[in-house]
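Asks: Have a look at the structure that comes next, please.
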Amino acid sequence: MSESVIAALSRLSIEPSTRDVLQHNASESQAGWSDALSSSASSNVPVEYRLLKTLVFKPKTAKSETPLPLMVVTDDKTQTSTSAIAAETKLKELRLAVPELLKSTLDATKDDVSPLSVTQENKSKVRVLLDKDIVTSGTTYAVHARSASETVFLTGEALQRYLESTQVQLDVVAFSTLQAPNAPAAKAKPEPKSKTVDAKIPEAELIGITVRKDLDFPEWYQQVLRKGDMLDYYDVSGCYILKPWSYFVWECIQRFFDDEIRKLGVQNCYFPMFVSSDVLEREKDHIEGFAPEVAWVTRAGKSELEKPVAIRPTSETVMYPYYARWIQSHRDLPLKLNQWNSVVRWEFKHPQPFLRTREFLWQEGHTAHLTKQEAADEVLDILGLYRRVYTDLLAIPVVPGVKSEKEKFAGGLYTTTVEGYIPTTGRGIQGGTSHCLGQNFSKMFDIAVQDPKATDETRGKPEGRLHVWQNSWGLSTRTIGVMVMVHGDDKGLVMPPRVSSKQVVLVPCGLGVKVSQEVKDAVNDTCKKVAAELVRNGVRAHADLRDNYNPGFKFNDWELRGVPLRLEIGPKDLDNASVMSVRRDTGAKQAMKLDSLKTAVPELLEQIQQDMYTRADEEFKAHRKVVTDWDLFTSTLNAKNHVIIPWCEEEECEDAIKDRSARTASSEEAQDERAPSMGAKSLCIPFDQEAYPAIQGKSCPQCGKPAKRWTMFGRSY
C-alpha cells in the first residue's frame with residue numbers, strides 16, 4: 001500500500017513530514033497504534049506528532065437506497081458527540097459502520113481506515129467531514145497509510161489537499177464550534193420515543209453492545225457475534241468466517257458426537273462436493289425440496305462445461321450409487337458412514353449468521369440396514385445424541401419428536417427432530433434431524449441384497465432380493481447460533497463452560513500508580529501461577545496481563561466474549577490469600593481462597609453449566625401452552641408461546657392453521673426482520689405424549705375432526 005500512497009501524495013506535491021512510510025507492528029486500537037509508533041527506533045518518526053482519529057458512520061437510510069457512509073476525521077483527543085455531527089450534516093441516527101460496509105465502500109477495516117482510504121475510484125461511495133481545527137493548527141498527524149502496519153505523517157492542511165484532489169464530497173468544519181441540538185423545553189410535551197431509540201443502551205461504549213436484546217433483536221444478534229469475536233463477514237453474501245472463538249464450540253460438538261457414533265459402529269469418510277446433474281435428478285421428490293437452493297458450476301476457466309455440475313446441498317444422491325456397488329450381500333450390512341463437510345444451499349433472501357448461510361458446516365450420516373427395526377432403532381439413538389449436544393454441551397432444552405408428513409424430509413419415510421425455543425422472539429428452531437428414509441432411495445439406486453430368509457424357491461430370483469432400509473441424519477453449525485440467541489444478554493455472549501474456549505480469565509486489579517513495582521509483579525505472577533495450576537487441573541484458564549488496558553476494559557472485553565468465570569486478584573487479595581470470582585451468567589461475586597481454586601473452580605463451572613440449563617428449561621416450559629379452543633390459539637401464539645393442541649394430523653388442516661394464525665406483528669414484540677411474522681406450523685409431535693391429557697375423545701380445534709396426537713405448533717426460524 002505504501003507505494004501507492006506516496007505516489008498519490010507526490011502527484012499533489014505533498015511532502016510527508018518524513019521521507020518514507022513507517023513500517024511497524026499491526027495495531028488493533030489507537031492505544032496499540034501509539035505504542036507501535038513509540039517503540040519504533042526508525043528515523044521516520046517525527047519528534048512531535050499527534051494521532052489522527054478516523055471514524056466511519058452509517059446514517060439511517062431507506063431500505064431501497066444504498067447507504068452513503070460518513071467519514072469523520074479529527075484529532076485523537078477531540079471529543080465530539082454523534083448528535084452534534086448529525087445536526088451539522090443533517091443526517092439521522094449515526095451508527096458506526098459495520099465491517100462489511102467499510103470493506104465494500106473503502107476496502108478498509110476499522111484498524112486501518114483513514115482519509116487516505118478515499119480515492120478517485122471510491123469517492124462517490126463516501127462523504128467526509130474534516131475538522132477545520134486540525135487543518136489550521138499546523139500540527140503533524142500520524143495517518144494510517146491504508147494499512148494497520150504502515151503510517152505516514154502529514155499535516156491537517158496536507159490531508160485537506162489530498163481529499164480535495166479525490167473530488168470526494170468534503171465538508172470542513174471546526175469541531176470546536178459544533179453543538180448538539182438543544183434539549184426540548186422543560187414544559188414541552190416529550191415526543192414519543194421510537195422503538196429504535198428505545199432499544200439503544202445509554203452511554204454504551206463503542207466496543208460494547210449498543211442495543212437491548214429484547215428491543216432490537218436482529219441488531220443485537222449481529223453485534224454480539226461481531227464484538228464477541230465469533231465471526232467476520234466475507235465478501236460473498238451469505239458466507240461468514242468462523243473465528244476460533246466460535247469454531248471451538250463446533251470442535252467440542254465434533255469430539256463428543258464423533259466419539260459417540262463410533263460406539264455405534266459408524267465410520268467417517270469423505271465424498272466429493274460435486275454432483276452430476278444426472279445423479280442429482282434421479283430422485284425427483286427429494287431434489288424438488290432442494291432445487292431452488294442448488295448452486296451450479298457451469299464454466300471451467302473460459303470454457304463452458306458440457307454438463308453443469310452441482311455443488312452438493314446434501315449427499316444422498318452423491319453417496320447412494322456407491323452404496324449399490326459396495327453392498328452385495330446381507331453380510332455387508334449394516335453399512336454406517338458419516339462425513340464432516342460443508343454444503344451449499346444458495347437461494348434465500350435474508351442470510352443470517354449460523355442460522356441461514358449459503359455455505360455451512362455439518363455432519364451427515366448415511367446408513368443402510370437389513371431390517372426396518374434396525375433402522376428405526378438407530379434413528380432414535382442418533383436423535384438422543386443430538387438432544388445431548390444441546391442439553392449437555394450447550395445447556396439448551398429441546399423437545400424431541402417426529403415431524404408431520406408435510407414437514408418431513410423430502411423422499412423420506414419419517415423424520416425425527418429436536419426442537420428448540422428462542423425466548424426473545426418466541427420462535428421455535430429446528431435443532432437437528434434424524435430421518436428414516438425407508439426403502440425409497442434403495443429402490444431408486446437399487447441397493448439390494450439376497451434376503452437371508454428367502455426360501456429355496458425364491459433364492460436367486462428377483463422376489464428373493466431385499467432392498468435395504470436406510471437412514472440419514474445431520475447436525476450443523478446452526479447449533480452455535482441457537483446457543484448465542486438463548487444465552488446471550490445485553491453485555492454480549494454468555495458461554496456455557498463446557499464449550500467455552502476459555503472458561504476462566506484472571507485479571508490483575510488495583511495496580512495504580514501508587515503501587516510499587518514489586519507488588520505489581522507479585523500480583524501478575526500470582527495470576528500466571530493460578531492460571532497454570534488451573535490448566536494442569538483441566539480448566540481452560542487464561543491470565544490477562546495486557547499492560548495497555550485497565551481492568552475495566554478487560555472486564556468488558558471478556559464479558560463480550562462470554563467467558564463463564566472471572567477471577568480478580570489485587571494487592572489486598574494477596575494479603576488475604578484469596579481471589580474475587582465473578583460469574584458471567586449471573587454477575588454473582590464470591591471470595592475464594594487461593595489454595596482451594598483447583599477444586600472450587602471446576603465445581604463452580606459445573607454449577608454454572610447446570611444453572612444455565614435450568615433457567616433455559618424453565619423458560620421453555622413456561623412457554624409451552626396447551627390449547628383446545630381455537631379462539632385461544634392465535635392469542636396464545638402471539639404471547640411468544642409454542643401451542644400444544646390435539647391434532648388430526650391432516651395436511652389440509654395444517655395449511656389452514658398456518659393461514660388462520662398469520663398476523664401482523666404487535667408493536668411491542670422484539671421482531672427479527674429476517675424471520676418475518678408468519679402463521680404457525682407444526683414443529684413436532686412430541687414423543688412424550690404422557691405429559692398431556694389422554695387424547696381419546698379430543699377433537700382438533702381447527703377442523704373439529706378426531707385428534708390423533710398432541711402436536712406442538714409455533715412460529716419458527
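The values are calculated or read from the model by the stated rules, or taken from the named source; none is laboratory data. Predicted, not measured: the structure shown is a model, and the values here were computed from it. No Cβ is skipped: glycine too gets one built from the backbone with ideal geometry, and neighbour counts run over all protein chains shown.
Asks: D111: within 19 Å of A31 (Cβ to Cβ) and either among the small types (G, A, S) or in the same structural domain as S43 (by TED's automatic domain parsing) (or both), yes or no?
Replies: yes
Asks: Suppose we keep only residues that are within 30 Å of V504 (Cα to Cα) and among the charged types (D, E, K, R) within region 618-659. Which one would you say is surrounded by the most Cβ atoms within 10 Å (Cβ to Cβ)?
Replies: Top of the filtered list is E619.
Asks: Of all residues in region 112-152 being assigned to a helix (DSSP H, G or I) and of a type in the set (G, A, S), which is surrounded by the most Cβ atoms within 10 Å (Cβ to Cβ)?
Replies: So the residue we want is S117.
Asks: So in region 440-464, with the set limited to residues that are modelled with pLDDT of 90 or more, more than 37 Å from the chain's Cα centre (by Cα) and more than 21 Å from V266 (Cβ to Cβ), which one is surrounded by the most Cβ atoms within 10 Å (Cβ to Cβ)?
Replies: M444
Asks: Looking at (1) in a helix (DSSP H, G or I); (2) at pLDDT below 90; (3) more than 22 Å from W473 (Cα to Cα), find the lone condition where I287 falls short.
Replies: Among (1) in a helix (DSSP H, G or I); (2) at pLDDT below 90; (3) more than 22 Å from W473 (Cα to Cα), I287 violates only (3).
Asks: Among S329, S315, S342, which is among the small types (G, A, S), crowded, with 20+ Cβ neighbours inside 10 Å and touching a strand residue (DSSP E or B) at 6+ places or on another chain (Cβ under 8 Å)?
Replies: Checking each option against the conditions leaves just S315.
Asks: How many residues are assigned to a helix (DSSP H, G or I) and either small (G, A, S) or at pLDDT below 85 (or both) if we restrict to region 102-111?
Replies: Of the residues in that region, 1 qualify.
Here is a yes/no grid of residues against (1) surrounded by 19 or more Cβ atoms within 10 Å (Cβ to Cβ); (2) touching an Asp or Glu at 6+ places or on another chain (Cβ under 9 Å); (3) closer than 30 Å to S34 by Cα:
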position: D547; (1), (2), (3): no, no, yes
position: R561; (1), (2), (3): yes, yes, yes
position: P564; (1), (2), (3): yes, yes, no
position: V579; (1), (2), (3): yes, yes, no
position: K598; (1), (2), (3): no, yes, no
position: Q607; (1), (2), (3): no, no, no
position: A616; (1), (2), (3): yes, no, no
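Asks: Now for a different question. If you go through region 508-521 one residue at a time, do you hit one that is within 27 Å of S246 (Cβ to Cβ), touching a helix residue (DSSP H, G or I) at 6+ places or on another chain (Cβ under 9 Å), at pLDDT 95 or above and not β-branched (V, I, T)?
Replies: no
Asks: Right, another one. Outside the structural domain of I396 (by TED's automatic domain parsing), more than 19 Å from K529 (Cβ to Cβ) and modelled with pLDDT of 95 or more, is that true of K589?
Replies: yes
Asks: Against the conditions (1) over 29 Å from R226 (Cα atoms); (2) assigned to a helix (DSSP H, G or I); (3) not β-branched (V, I, T), where does E559 fall short? Just the number, please.
Replies: Exception for E559: condition (1).
Asks: While we're here: Looking only at region 651-668, decide whether some residue is assigned to a loop (DSSP other than H, G, I, E, B), at pLDDT 95 or above and farther than 27 Å from Q352 by Cα.
Replies: No, region 651-668 contains no residue that is assigned to a loop (DSSP other than H, G, I, E, B), at pLDDT 95 or above and farther than 27 Å from Q352 by Cα.
Asks: Right, next: Looking at (1) among the aliphatic types (A, V, I, L, M); (2) under 21 Å from G432 (Cα atoms); (3) outside the structural domain of H369 (by TED's automatic domain parsing), which one does L337 not meet, given that it meets all the others?
Replies: (3)
Asks: Please go through (1) touching a residue at least 12 places away in the same chain (Cβ under 8 Å); (2) in a loop (DSSP other than H, G, I, E, B); (3) surrounded by fewer than 18 Cβ atoms within 10 Å (Cβ to Cβ) for M495 and return the number of the only condition it doesn't satisfy.
Replies: (3)
Asks: Moving to a separate point now. Take residues that are at pLDDT 70 or above, exposed (fewer than 10 other Cβ atoms within 10 Å of the Cβ) and not assigned by TED's automatic domain parsing to the domain that holds A324 and tell me which of the helices (runs of 4 or more DSSP H) falling wholly in region 180-280 contain 1 or more.
Replies: Correct list: 277-280.
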